[in-house]
Amino acid sequence: ADGSVDIPVVVNVLYRTTAENVSATRIAEQIAVLNADFAGTNTDASKIPTEFSSLKAGDTKVRFHLIKTVRKATTKTSWSTNDAMKKSSTGGIDATSPASYFNIWIVGDMGGVLGYATFPESAGQWNDGVVLASKYTGVTGATAPYNLGRTATHEVGHYLNLRHIWGDATCGNDFVADTPTQTGSNGGSPTYPLYNTCGGVKRSVMFMNYMDYVYDSAMYMFSSGQKARMMAVTSTSGPRAGLRV
Ligand code: ARG
Ligand code: ZN
Ligand code: CA
């Protein structure tokens, strides 16, 4: 009744090498990162600047629990964002009931892509879910500087209707009122405070938001406006209500 949701997760692993066959321990570690980041209990939440502390989501009321892991060996050396990993007819693994389960596909190399996601408009379709490159999944054995499991946090943000914080345009719109408008994406590990000007208004940039493009160690918050958007999607009347089992 408080809008809490515990999302059932199916993890689909497509591996060519043993390194790509991400262990059950590491998958559990990734789910634990999601649960901490979405509960606001991530230890680096202490780094949220005072200026933004009243805007932080804290507990988004969204949690995740693993239902099952499906594994399949492949000879494919690289993947792309064309959804091939989501269909057995194209060498992938078919989603398990995507209307009621959140499907994650873990694949080997995707070029420079760390992960990608479908928005709630795709709810329940065969391709609905999140794809992660194996080396940026979990923490132990993952590749720096994307080795804190935050690619999943970012992609799940998209899956739950969040846009990039810069609105994918110069001073673009992310449809969240409490995230300050940004001129563009930020990368690396920016130093706080960072200012930019959009429409003649100078603002301090919330580059530590999970929906920016900074390193894993440089992102540690959702805003309360982002929480509201995610909760709306998973509410009983939202497009992802099917995840409430
Ligand atoms: N969709 C983004 C990409 O593939 C993911 C960015 C994740 N950022 C991160 N710090 N893990 O480029
Ligand atoms: Zn993104
Ligand atoms: Ca905004």
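Please treat every number below as a calculation from the coordinates, not as lab data. Treat the numbers as computed from the prediction; the structure is a model and nothing was measured. Every residue, glycine among them, receives a Cβ derived from its backbone with ideal geometry; neighbour counts consider all protein chains shown.
Were the residues from D59 through T17 laid out at 0.36 nm apart, the gain over their Cα-Cα distance would be 11.4 nm.
A quarter of the convex hull surface defined by the alpha-carbon atoms of the range 135-178 gives 3.9 nm² as the mean projection. Across the range 167-179, rounded Karplus estimates of 3J(HN,Hα) from the backbone phi angles (6.51 cos²θ - 1.76 cosθ + 1.60, θ = phi - 60°) give x, 6, 7, 5, 6, x, 10, 9, 6, 10, 5, 8, 8 Hz, Gly and Pro being marked x. Across all directions, the shadow cast by the convex hull of the range 99-245 built on its C-alpha atoms averages 9.3 square nanometres. Starting from one equal scatterer on each C-alpha and no solvent at all, send me the Debye-based log10 I(q)/I(0) for the chain at q = 0.08, 0.09, 0.13 Å⁻¹, two decimals. For the chain, the Cα-only Debye profile gives -0.29, -0.36, -0.77. With R₀ set to 22 Å, the beta-carbon distance separating A84 from N35 gives a calculated FRET efficiency near 0.15. Each residue, K47 and A24, gets one label point 7 Å from its Cα in the Cβ direction; the gap between the two is 3.3 nm. Using the Cα coordinates of the range 1-77, the gyration tensor eigenvalues translate into equivalent-ellipsoid semi-axes of 32, 16, 9 Å, sorted from longest to shortest.
Can I get the semi-axes of the range 46-166's equivalent ellipsoid? Compute them from the C-alpha gyration tensor as square roots of 5 times the eigenvalues, in angstrom, largest first. The partial results should precede the final answer.
On the way: eigenvalues 144, 64, 34 Å².
Over the Cα atoms of the range 46-166, the semi-axes work out to 27, 18, 13 Å.
Pairs of alpha-carbon atoms within less than 8 angstrom and 6+ residues apart define the contacts here; what relative contact order does the range 47-139 have, in percent? So the answer I get is 23 percent. Distances between placed amide hydrogens fall under 5 Å for M110 paired with W79, all partners being 5 or more residues away or on another chain. Which residue fluctuates the most in the chain, going by a Gaussian network model with Cα springs under 10 Å, if the choices are L114, L160, L132? In this elastic network of the chain, the residue with the biggest mean-square fluctuation among L114, L160, L132 is L114. Straight-line cross-link reach from K47 at under 30 Å between alpha-carbon atoms covers these lysines, not counting any fewer than eight positions away in the same chain: K56, K61, K135, K202, K227. Extension gain, T140-S185: 0.36 nm per intervening residue step, less the Cα-Cα distance, totals 13.5 nm.
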